[in-house]
Amino acid sequence: GSITLEAASHFTKKMHASIFAPAIQAVESDLFKSTKFLLDVGGGSGCFSIAFLKKYPKSKATVFELPIVCDIARQ
């Protein structure tokens, strides 16, 4: 897929704001307590992986996303 930088930035910021709190709640529920490696496909800003790794710092997470979105997430 392709998307403009402006559209990707807008979408990524909106999704981060919408998903971060539910991601924290999902991770805090201990649903992922036996997960050692998380693959977050379409992970956007990486907010789910961030929440996961804060709770389980010895685990690993990979965010699979469009290159332009990865550039935005790094910022």
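The values are calculated or read from the model by the stated rules, or taken from the named source; none is laboratory data. Keep in mind that this is a model prediction, so the values were computed, not measured. Heads up, the Cβs are rebuilt from the backbone with ideal geometry, glycines too, and the neighbour counts pull from every protein chain shown. What goes into the accessible areas is simple: the full protein's heavy atoms, side chains included, and nothing from ligands, DNA or RNA. Shrake-Rupley method; radii C 1.70, N 1.55, O 1.52, S 1.80 Å.
What percentage of the solvent-accessible surface of the range 19-75, computed with a 1.4 Å probe over protein heavy atoms, is contributed by carbon and sulfur atoms? Roughly 61 percent, rounded to a whole number. Relative to the current alpha-carbon distance between Val41 and Ser9, full extension at 0.36 nm per residue lengthens the span by 9.7 nm.
Note on surface exposure: His16, His10 rank His10, His16 by accessible area, highest first, 1.4 Å probe.
Which residues in the range 22-40 place their backbone N less than 15 Å from a point set 7 Å from the Cα of Lys54 along the Cα-to-Cβ direction? 22-30, by backbone N distance to the label point. About its Cα centre, the chain has a charge dipole of approximately 320 debye under the convention of +1 per Lys or Arg Cβ and -1 per Asp or Glu Cβ, with nothing else charged. For the chain, the longest principal axis of the C-alpha atoms and the axis of helix 5-28 are separated by about 10°. Solvent-accessible surface of protein heavy atoms, probed at 1.4 angstrom with all chains present, puts Thr62, Thr35, Thr4, Thr12 in the order Thr4, Thr62, Thr35, Thr12, largest first.
Values of log10 I(q)/I(0) for the chain across q = 0.28 Å⁻¹ run -1.30, by the Debye formula with one identical scatterer at each alpha carbon and no solvent. The mean accessible area for residues of the chain, using a 1.4 Å probe and ignoring ligands and nucleic acids, is 71 Å² per residue.
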